[in-house]
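Right, one structure below, let's go through it.
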Amino acid sequence: MTTPDSDGLLAEQLLRLTRRVFRIQKRQLHERELGVTPAQSRLLRTLAHWETPPRMADLAERLEVVPRAVTTLVDGLEASGKVRRVPDPTNRRVIRIELTDDGVKILQELRNVRRAAAEEILAPLSAEQRKALGALLDTLVEQC
């Protein structure tokens, strides 16, 4: 049985682990000189999950940020050639955002950064412990 104190401790451990993952990813983004911020990398990863290019409002909703924040991120990514704005084929007033070839290449590098961060974080765990942790995290993620 858990107590409020043990739940609080567990929540604190999860937050500390999340912060550590972000610090490692940020360090590796800097070391690899990918030219993207953590927020831009999140937008690129999110963008890659759509079959058809989304509108900026769709991205803002998925990222749970205000549309202006997405505009700023897209502006920076467009300036560096990683995304482009394209007109919607059915409504020319609507602008959609799509990855460029450079954006796709950066996504692969971002996957490598995330993989390296995960390896660093999970290094102390055995294969069996990693599997158990994965199952527990799956249970928590399903509740979101």
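The values are calculated or read from the model by the stated rules, or taken from the named source; none is laboratory data. For clarity, every value in this text was computed on a predicted model and none was experimentally measured. Neighbour counts run over all protein chains shown; Cβ positions are idealised from the backbone, glycine included. Protein only, heavy atoms only, side chains kept; ligands, DNA and RNA dropped before computing areas. Shrake-Rupley method; radii C 1.70, N 1.55, O 1.52, S 1.80 Å.
Got a number for residues in the range 76-90 being polar (S, T, N, Q) and loosely packed, with under 10 Cβ neighbours inside 10 Å?
Selection size over the range 76-90: 1.
With respect to the numbered conditions (1) free of Cβ contacts under 8 Å to residues at least 60 places away in the same chain; (2) open to solvent by 60 Å² or more (accessible area, probe 1.4 Å), which one is the sole condition not fulfilled by ALA135?
So the condition that ALA135 fails would be (2).
Is it the case that some residue within the range 33-47 is farther than 30 Å from LEU140 by Cα and exposed (fewer than 14 other Cβ atoms within 10 Å of the Cβ)?
Yes, the range 33-47 contains a residue that is farther than 30 Å from LEU140 by Cα and exposed (fewer than 14 other Cβ atoms within 10 Å of the Cβ).
Could you go through the range 10-18 and let me know if any residue there is more than 20 Å from GLU119 (Cα to Cα), assigned to a helix (DSSP H, G or I), open to solvent by 50 Å² or more (accessible area, probe 1.4 Å) and at pLDDT 90 or above.
Yes, some residue in the range 10-18 is more than 20 Å from GLU119 (Cα to Cα), assigned to a helix (DSSP H, G or I), open to solvent by 50 Å² or more (accessible area, probe 1.4 Å) and at pLDDT 90 or above.
Go through the range 55-75 and report how many residues are touching a Leu at 6+ places or on another chain (Cβ under 7 Å) and open to solvent by 30 Å² or more (accessible area, probe 1.4 Å).
1
So is GLU51 in a helix (DSSP H, G or I) and open to solvent by 70 Å² or more (accessible area, probe 1.4 Å) or not?
The answer is no for GLU51.
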